[in-house]
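Below: one structure, written as structure tokens.
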């Protein structure tokens, strides 16, 4: 099947920043998890964080959740310590709470904008700029 949905992954300091767009299917989720891991591997020698911007995401098909949860388990095992999610929609916040259950030893918080998310990460000692 053809991918549906897009994403951006950017690395700044000890922070992986991801922005999700459109509605996702299984195929784009597989590629996202692979590319996310490649980025995170470059900084996982020290504690790191992830910023997940859901402000332009339209959710995904039911078969993506297991892949995202497996990605969270992998991140926990590779030194991720913080995750900041950005969205103003209650449904996004509920989804993040559910998928965040697969983390171990990762502190998670939801924010309304990127400025708040980055300020929190800086306050806990995570570098968010190059």
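Read the figures in this text as sums done on the coordinates, not as results from a lab. Note that the coordinates shown come from a computational prediction; the quantities given were computed from them, not determined experimentally. Every residue, glycine among them, receives a Cβ derived from its backbone with ideal geometry; neighbour counts consider all protein chains shown.
What share of the DSSP beta bridges in the chain is antiparallel, in percent to the nearest 5?
Numbers: 7 of 26 bridges.
Around 25 percent antiparallel, to the nearest 5.
Rule-of-thumb check for segment 6-123: C-alpha Rg over 2.2 N^0.38 Å?
Numbers: Rg = 12.9 Å, N = 118, 2.2 N^0.38 = 13.5 Å.
Compactness ratio reported: 0.96.
Give me the angle, in degrees from 0 to 90, between the Cα long axis of helix 26-41 and the longest principal axis of the Cα atoms of the chain, rounded to the nearest 10.
20
Please rank 100, 10, fewest neighbouring Cβ atoms within 10 Å first, as an exposure proxy.
Details: 100 18, 10 12.
With the sparsest Cβ surroundings first, the list reads 10, 100.
What's the extension gain from residue 129 to residue 35 if we count 0.36 nm per residue and subtract their Cα-Cα distance? Before the final figure, lay out each step's value.
On the way: separation 94, 0.36 × 94 = 33.84 nm, distance 2.00 nm.
Roughly 31.8 nm would be gained on extension.
Which angle between 0 and 90 degrees, to the nearest 10, do you get for helix 65-77 versus the longest principal axis of the chain when only C-alpha atoms count?
Here the helix axis deviates by roughly 20 degrees.
How much mean residue ellipticity at 222 nm does the chain get from its helices, if each DSSP H run of length 4 or more adds -39500 (n - 2.57) and you divide by all residues, to the nearest 500 deg cm²/dmol?
Helix-only estimate at 222 nm: -12000 deg cm²/dmol.
In degrees, nearest 10, range 0 to 90: what is the angle between the Cα axis of helix 114-123 and the longest Cα principal axis of the chain?
The angle comes out near 40 degrees.
Subtracting the Cα-Cα distance from 0.36 nm times the residue separation, let me have the gained length for residue 113 to residue 58 in nm, one decimal.
So the extension gain works out to 18.1 nm.
Exposure proxy check: 73, 106 ranked by fewest other beta carbons within 10 Å?
Details: 73 12, 106 17.
Starting with the residue having the fewest Cβ neighbours, the order is 73, 106.
Could you check the simple spin-label distance between residue 65 and residue 4, using points 7 Å along Cα→Cβ, in nm with one decimal?
Taking the two extended label points, one gets 1.8 nm.
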